[in-house]
Amino acid sequence: MSSRAAALLVKDLRQHAAVVALATVGLALAWLLFLLATLSAPTTVSYTEVHVTFLRVALVPFALALGNRLVVAELYGRTQRFLEALPMGRLEPFAVKWLLGASILLSVALGSAVASLAVASLREPVDAGLTLSLLSRTVVFCLTIWAFFFTMGQLGKLRIPLYLALGLVAVILAETTELELLRFGPIALVGPDFATSRIGVPWTEVATSLATMGAFLAVGLAMALVREGSVQEALAKPMSSRERAMVGIATCTILTIWAGLAPEPEPEPYRMQGEHVLAGRDVPLRIGYGGPENRAAAEALRARLESSLAALRDAMGWRALPECRVVMRASLDGRTFEAAELRAGDGALVRANFAPDAEPDLEGLEAALVRALFDDRTNRRARFEPQAWVRAGFPLWWAHCRNALTESRCSLSVERRALAQLALDEAPAGPKRVTSSRIAAWDTLREREGERIAESLAATGMMTLARLAGPDAPTRLARALFSRWAPDDSRVVFETLLRPPSWHLRAIAGVEPEAFHRAWDADLAADRARSEIAAWLERVSPRPTARLDVVTAEASQRTLVIDIEVPWRRTEGVVVGVLTKALLPFDTVVEPWELRRDRFVLGPNEHTRRIELAGRVSRGERWLVVVEVEDPREGPGAPVRVLAERREIP
Amino acid sequence: MRAAVTLLRKELRSLAPLGLLGFALISGDLVSRPLTERIDENTYEHVAGIAPGEGGFLAFIFWILAFFVAYAAFPREHDERTIEHLYALPVKRATIFFAKVSAGLLTLVAVAFLGQATNWLLQALNPNSVNGHQFELGLVSRVATLHAAVACVLYFHGLFASVFRLFGVLPYAILFFSLLLVEQLVPSLAWLNPAVLVRFEYEGRTLLWPWGSLAFHGAVAALAGAAAYAGWMGPFDRVRELFATRSTRATLLLALGIAAVAGSGFVALVVWVVVTYSIPGRQPEDPSAPRPVTERDFGTAEARTAYYAFVYPASFEEPVLRLVGRSDRLLEAVTRVVDFAEPPFITVDLAEESAHHEGIASGTRVRMGVRGQRDWRLLHVLAHESAHVLQGEMSRRYLMDHGATTRFFVEGSAEWVAFEALAHPSLVGVATDEERREDAELRRFSRLVAAAAWERNQVRLEDTFDDASFRARFDTTLAYPYGETFAEAIARACGQRAVGALIRAFARPGAPQGVRGEALYRDALSSIGCDYEAVLIAHDALMAETVRAERAVLDALPRLSGGVVGGNDATVLLEAVLDRAPRATAGYLVRVRNDAGAADTEVRGFSGELDTDATPPRVRFVVPRIALTGARFEFLFSQEVDARAFPLAETWQSAPVP
């Protein structure tokens, strides 16, 4: 037997030695390259990293090519038949080839290991623990991958589908179970701790890898022996391009469907806890008030929100409310609210400063909480632009009118109605109006007018809706749009195509959207004529103006020059805010917290101001520039946005 | 001509399945996105992956696809000897080659253009007035053309690799790795990677043509194509035969000879480079400059304690032994801070020389530099790096493996642990009072930097949970000072032991695996009975308290603004204007990178020279042009608040390379 095996070995060596030698030269060069990389990489922790890089990047493709050369080529070339014709069992060629391949791989890998340890010894103690760890991992890893590629080679044309299937199984296991593939057997052997472990032989990983190797060897052996190799013979035909492509497409399809249907592991629902948390009595409300000094304010807020949330639950037809939370954030002013980004379905959380000395806008806070609740209940679909004006307006209307739902003339506060009028002020191109196209482009309107003015305008739309279709019409519209969960897929898209927000508006208001918008515009015009509104508007009239120029500075630098005119009677203490953001080449919706804010305070009788923002902007950029003017003492409670431009910098 | 067309049609037919596979790979999202996304909220940028600096993954897909298509051209025809039927036809070999190559290229170009057509479908329903109109024909045609270009370039490489059959994949795998590495080490050589063709740059809204890269990679692809022709159709048949299953002795000898000559040349080159550049103390320097003797030799010595094994330059024995002698007590203090009783054995390389960091840790291994470091600093760095080792052990590497969302916590809590350990009562008498005072001062300046970033750049704690978007706007070294305030806020809100408990919480059984960002911290903090919102409140309070306490210092720190003011063939000149009087001790730094996707190691820093005579005062920075690549680059001005602390930076700005 030994002479037959020796003859086989000589035959294989003659057939493959030169190619293997050439590949080994290439691998040696690759090792040197990895050494150079390890020496110069700033993130190198141990010089033994050269070896792990070698195993991962070079040895695995080499093992694949070797398996192809020793096994697949022989099967596809039908030269296997010559071997089968020889007077020997099927085990001998199997063993010879396996041992030859394993020897080649081990020689290469151990060469790399020894050389790496030699380099590492310059800068770290190479003790028995490190050496044993490195060598045992190397040997077992080599044998395992060789068993894998050798056996896959035995599977002939099935091997490509099997590679893909194994990849798929790995992905699915990683996604659906707690099994972490990087910590599994042979993969863990060359894991992140490969270069630094000094615990000797990692027995668990070694045992798993050897078991894996054994399993692959058994399959390979079975392929070679079962029915005298006829199965192997049957598979020994290359796949056609069409078959390969079909296998690839099938894999892509399965992965695609899997990506769509895979359940995602979810953390426990968030439950607010802590010392300074006030719980609701009838609704799942929790208010984190930060410290005892805010407890009274929190209790007052609880009383207000409890009744609002209970009424909203009934109005929207929800069986139960998710947890609604308000948290004190002292760094905010009384009219700015932050909605926390919770996982969809995890309830609502709004951060606000509701301490009495911050003069909190409690209606605004209530509206912000309702808005966050809509986002949560609809899986954030409420923000979809065609219905975003309802998301902006209904909560504010609700905060003002929920106690007067049976009255047809419930109204917003004068302050809010005045703010809504600011969205209609004279613009350079003429007076702005409420039109279908303007309301449909809600994100643009929000950017141009500012959050508070936009939501005030939207809330006046709810007043018009209540006038046209009854006091419960805004609630019915909100219920139609925001009471249901929207899945993270395109079912909701088709539903929106069939029944867009305008369809719901038509169904509820009983008028065409254009007619509704005309009625809304007319209501606002009538409101503007009222003395109390006119008095408020008087404080911010005439409307300030601003002009933006981009001036060339040195080389590619540009200066943003903003000329502001504030024709108000009193300018002392008036605040000019310049909000800027560098944009990507593509337009995206910019949220308020993304903007950098520069603040300038005008002096007495300072009706014009030139602001130069130098040293920030260069040629070829795109910037969003927003200019706001506000009189904190006498203004209507929100800055007037006098300029909002997306400008390409020439 | 007719024969060529017939051949082309035959090849196109045979490549149709692979074309379909390409379509599935590039446009498979036509199926997956409707299943996983609301397509009326999609934007073109999102579905096409064409943001500045993106495109690496798509290039990888094209790499695979192009190799698949290229390998379908010749190897099989030769293996099954069907090529001989083609040779028997009354057409030239060049025509056969041309027909096969044309079919492959047409397939890839079709896949690239179809990809954009399906991208249009995927965003066509978006009605948004702001982001719903990103799809413009001019942009799309450029995107498709560049995708097709990279596919064609890679096709020619694949064609050349196929000469060597499956062994051809091996050098390309190594090449792929090398290109990634080269890019990390020398960012200005990024153009060597064909993927640069689909890593888009913009001027305003206009996608720029990478003419230089197109020409270079086009030329390389032509060479690869010519070599492939020679290998498959021309005089190098024998080299190709070597990689078929049959080979002759002559071809083997030829191949080995070539490999030996090429190999020895490469080895000589590598040895020369390693010897010249990589061994510390051998960097070429100006021979005329006076140099103090800082090191007598480069021999290393080893010292062991109960918890550590140190390898250090023998010439630094004195300071090293002062550190070594105290290291076990230091580690015990660190373990007390994080409540971890079983520290692993740690090996430390003190011969580290790095321009990027003072120390680095992975697993149970630490590297840190000893040269030019004071004793207290060595203690601090060792405590910081040892804390990283414990973080890895306690979280079962979770924190290290999820750096995209945990980086600030990892670096910040290690910094916090180092400060707490050095202030720990058990170190009284081990660390001197002076050393503890120095460390406390470092902590003060660290907090100052964090508070300045909070106040001036409006950095929110929530911003730090997404490392990629944070690094696009802000200085990534803020991970240390700002992260330290995060850990302090956790300790203030939930007790001193909460930081250690949180580290452990990431490895608790049943911890959700796929959670990121705020939700991850909310969940992990909940599991230890600590509320995320309470931490936010504590963080706000800490920042406000620091701002109040350091008001005078903060107001004295100038803000820096500016940009490119000129340049020549070798350098680019940047200038920062200070908005108030400069501080006497401050140093100024500009960091540059190609784009927001650059890793920390790809960022280069350059010191500036202050011109106090100018009004207002200015700092000039000279950046070697070789540090910049592409049409645009990004820069970040920063200033020293204290020589011991991380600098205080403005936000990243962008400019065209002059």
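Suppose we filter A:Leu35, A:Leu13 for residues that are at pLDDT 80 or above and either surrounded by fewer than 21 Cβ atoms within 10 Å (Cβ to Cβ) or out of contact with any Lys or Arg (no Cβ under 6 Å at 6 or more places or on another chain) (or both); which single one remains? Result of the check over A:Leu35, A:Leu13: A:Leu35. Checking A:Pro585, A:Pro592 one by one, the residue that is within 14 Å of another protein chain (Cβ to nearest Cβ), under 26 Å from the mean Cα position of the chain (by Cα) and under 28 Å from A:Pro431 (Cα atoms) is A:Pro592 and no other. Scan region A:321-343 for residues that are closer than 12 Å to A:Leu373 by Cα and more than 14 Å from every other protein chain (Cβ to nearest Cβ) and the total you get is 2.
Go over the candidates A:Ala546, A:Ala555, A:Ala535, A:Ala509 one by one and state the one that is away from chain B (no Cβ under 14 Å) and without any contact (Cβ under 8 Å) to a residue 12 or more places away in the chain. The match here is A:Ala535. For region B:181-194, the condition of being of a type outside the set (Asp, Glu), touching a residue at least 12 places away in the same chain (Cβ under 8 Å) and in a loop (DSSP other than H, G, I, E, B) holds for at least one residue. For first residues located in region B:580-601 and touching a residue at least 40 places away in the same chain (Cβ under 8 Å) and within 13 Å of chain A (Cβ to nearest Cβ), partners that are surrounded by 15 or more Cβ atoms within 10 Å (Cβ to Cβ) and of a type in the set (Ser, Thr, Tyr) and lie 6+ apart or on another chain with Cβ distances below 8 Å form the pairs B:Val590/B:Ser638; B:Asp600/B:Thr476; B:Thr601/A:Thr43. Selection within region A:597-645: residues that are crowded, with 21+ Cβ neighbours inside 10 Å and of a type in the set (Val, Ile, Thr). The member of this set that is nearest to the other protein chains (Cβ to nearest Cβ) is A:Val617. Scanning region A:147-163 turns up one or more residues that are within 40 Å of the chain's Cα centre (by Cα), away from every other protein chain (no Cβ under 14 Å) and modelled with pLDDT of 90 or more.
Looking across region A:605-619, not a single residue is in contact with a Gly (Cβ under 6 Å, 6 or more places away or on another chain) and not in a strand (DSSP E or B).
Here is a yes/no grid of residues against (1) of a type outside the set (Val, Ile, Thr); (2) within 14 Å of chain B (Cβ to nearest Cβ):
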{"residue": "A:Ile104", "(1), (2)": "no, yes"}
{"residue": "A:Val114", "(1), (2)": "no, no"}
{"residue": "A:Ala120", "(1), (2)": "yes, yes"}
{"residue": "A:Pro125", "(1), (2)": "yes, yes"}
{"residue": "A:Ala128", "(1), (2)": "yes, yes"}
{"residue": "A:Arg137", "(1), (2)": "yes, yes"}
{"residue": "A:Phe141", "(1), (2)": "yes, no"}
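Is it fair to say B:Ala387 is among the small types (Gly, Ala, Ser), under 25 Å from B:Pro425 (Cβ atoms), touching a Ser or Thr at 6+ places or on another chain (Cβ under 8 Å) and more than 9 Å from chain A (Cβ to nearest Cβ)? In short, yes.
Restricting region A:18-31 to residues that are touching a Leu at 6+ places or on another chain (Cβ under 9 Å) and at the interface with chain B (Cβ under 7 Å from one of its Cβ atoms), the residue that is farthest from B:Ser386 (Cα to Cα) is A:Ala18. Here region B:539-559 is the region considered, the condition is being over 33 Å from the mean Cα position of the chain (by Cα) and within 11 Å of chain A (Cβ to nearest Cβ), and the residue that is farthest from A:Arg351 (Cα to Cα) is B:Val547. Here A:Val576 clears all of (1) at pLDDT below 95; (2) under 26 Å from A:Thr336 (Cα atoms); (3) more than 14 Å from chain B (Cβ to nearest Cβ) except the condition numbered (1). Among the residues of region B:566-623, those identified as modelled with pLDDT of 90 or more, hydrophobic (A, V, I, L, M, F, W, C) and in contact with an Asp or Glu (Cβ under 9 Å, 6 or more places away or on another chain) are B:Ala576, B:Leu589, B:Val592, B:Val619, B:Phe621, B:Val622. Among the conditions (1) surrounded by fewer than 24 Cβ atoms within 10 Å (Cβ to Cβ); (2) among the polar types (S, T, N, Q); (3) more than 28 Å from B:Pro52 (Cβ to Cβ), B:Thr485 misses just one, which is (1).
Within region A:308-327, the residues that satisfy the criterion of being of a type outside the set (A, V, I, L, M) and either in contact (Cβ under 8 Å) with a residue 24 or more places away in the chain or in contact with a Leu (Cβ under 7 Å, 6 or more places away or on another chain) (or both) are A:Ser308, A:Arg313, A:Gly317, A:Trp318, A:Pro322, A:Glu323, A:Cys324, A:Arg325. Give B:Val515, B:Val535 a once-over and let me know the one that is touching a residue at least 40 places away in the same chain (Cβ under 8 Å) and among the aliphatic types (A, V, I, L, M). The conditions single out B:Val535. Scanning region B:451-463 finds no residues that are more than 14 Å from chain A (Cβ to nearest Cβ) and under 24 Å from the mean Cα position of the chain (by Cα).
Residues in region B:514-537 that are in a loop (DSSP other than H, G, I, E, B) and modelled with pLDDT under 90 were compared, and the one that is nearest to B:Ser469 (Cα to Cα) is B:Arg516.
With respect to the conditions (1) surrounded by fewer than 22 Cβ atoms within 10 Å (Cβ to Cβ); (2) under 26 Å from the mean Cα position of the chain (by Cα), B:Arg371 falls short on a single one, namely (2).
Among the residues of region B:429-441, are any within 14 Å of another protein chain (Cβ to nearest Cβ) and at pLDDT 95 or above? So far as region B:429-441 goes, no, none of its residues is within 14 Å of another protein chain (Cβ to nearest Cβ) and at pLDDT 95 or above. Of all the residues in region A:236-249, those that are more than 8 Å from every other protein chain (Cβ to nearest Cβ) and either modelled with pLDDT of 75 or more or surrounded by 16 or more Cβ atoms within 10 Å (Cβ to Cβ) (or both) number 3. Go through region B:453-486 residue by residue and tally those that are out of contact with any helix residue (DSSP H, G or I) (no Cβ under 7 Å at 6 or more places or on another chain), part of a helix (DSSP H, G or I) and under 19 Å from B:Ser638 (Cα atoms). Within region B:453-486, residues that are out of contact with any helix residue (DSSP H, G or I) (no Cβ under 7 Å at 6 or more places or on another chain), part of a helix (DSSP H, G or I) and under 19 Å from B:Ser638 (Cα atoms) number 5.
Being assigned to a helix (DSSP H, G or I), closer than 30 Å to A:Glu645 by Cα and not polar (S, T, N, Q) is a property that does not hold for B:Leu65. Put simply, of A:Asp346, A:Asp357 the only residue that is surrounded by fewer than 23 Cβ atoms within 10 Å (Cβ to Cβ) and not in a loop (DSSP other than H, G, I, E, B) is A:Asp357.
Note on region A:270-288: residues that are of a type in the set (A, V, I, L, M), in a strand (DSSP E or B) and either buried (at least 21 other Cβ atoms within 10 Å of the Cβ) or at the interface with another protein chain (Cβ under 10 Å from one of its Cβ atoms) (or both) amount to 3.
Checked against the criterion of being more than 13 Å from chain A (Cβ to nearest Cβ) and in contact (Cβ under 8 Å) with a residue 24 or more places away in the chain, the candidates B:Gly608, B:Gly566, B:Gly630 yield just one match: B:Gly608.
The values are calculated or read from the model by the stated rules, or taken from the named source; none is laboratory data. Since we're looking at a predicted model, the values are computed, not measured. Because the Cβ atoms are built from the backbone with ideal geometry, glycine has one as well, and the counts that use them run over all protein chains shown.
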